[in-house]
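Engineer: Sharing a structure with you now.
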Amino acid sequence: MTTVPGFSLITRPTSDAVLYVANDLGGTPVDASIEPTALLEREHGSIYTGAGAGSQAILSATGFDKVDQFDTDGDADRTTPTASSNLLTLDNAGRYQVAFHITFLGDALTLFEFGVYWAGVLQSQIQADIEGGGSGRRSCSAAGIVNVSSGTTDLELYCKVSVDATLQVKKAGLSAVRFY
């Protein structure tokens, strides 16, 4: 038996096609079944940094600048993560759930806006911003759906600032999962 916080029971019956879960989070436990193969076959990919890759100057006059602090290719299936180029390539058309998260140190009293670009176009449904009064650690994230009309297109994370600033990334991730 496997134990997962928030779940009282996860078991696999004799058939490998179904996994039963009893959820304890909000009242009476409910049995549910899913087909693991359907989850495993979804196209997905990610790039990330988990240890702080460094810092970069973001200039207010240039609008959005590409965040160039990714250093690790994440797990992928029918996508191409390329952290060294700070992009995640979607190899096939379809609808994708796209998300990013970022934790960083930034200059005081600066508004930092983040957004995902797909095929060179800012996706307004996947944007977030944060402003702080000090130069401490800040975090933000966003997620949304992108309808990719053709394969082999890139996802990238960009940042825009209210005044010239230094962006020092501590942790960040950019990911996509295709819907079927």
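Engineer: How many of the residues making up the stretch 146-163 are surrounded by 13 or more Cβ atoms within 10 Å (Cβ to Cβ) and either assigned to a strand (DSSP E or B) or acidic (D, E) (or both)?
Structural biologist: Residues that pass the stated criteria total 11.
Engineer: Being acidic (D, E), in a loop (DSSP other than H, G, I, E, B) and over 14 Å from the mean Cα position of the chain (by Cα) is the filter here, so list the residues in the stretch 67-120 that pass it.
Structural biologist: D68, D71, D91, D107
Engineer: Output the qualifying pairs, or none if there are none: Cβ atoms under 6 angstrom, residues six or more apart or on different chains, first residue in the stretch 146-166 and farther than 24 Å from L90 by Cα, second residue of a type in the set (S, T, Y).
Structural biologist: Cβ pairs passing all conditions: V161/S60; V161/T110; S162/T110; V163/S60; V163/T110; D164/S60; A165/T110; T166/S55.
Engineer: Could you pull out the residue among E131, E43 that is over 18 Å from the mean Cα position of the chain (by Cα) and not aliphatic (A, V, I, L, M)? Walk me through it before giving the result.
Structural biologist: Numbers: E43 fails: over 18 Å from the mean Cα position of the chain (by Cα).
Going through E131, E43 in turn, just one is over 18 Å from the mean Cα position of the chain (by Cα) and not aliphatic (A, V, I, L, M): E131.
Engineer: Could I ask something else about it? Somewhere in the stretch 102-113, is a residue under 20 Å from A83 (Cβ atoms) and in contact with a Leu (Cβ under 9 Å, 6 or more places away or on another chain)?
Structural biologist: There is at least one residue in the stretch 102-113 that is under 20 Å from A83 (Cβ atoms) and in contact with a Leu (Cβ under 9 Å, 6 or more places away or on another chain).
Only the coordinates and a few stated rules stand behind these numbers; no lab work does. Bear in mind the structure is a predicted one, so any value in this text is a computation, not a measurement. All Cβ positions, glycine included, derive from the backbone under ideal geometry; neighbour counts span all protein chains shown.
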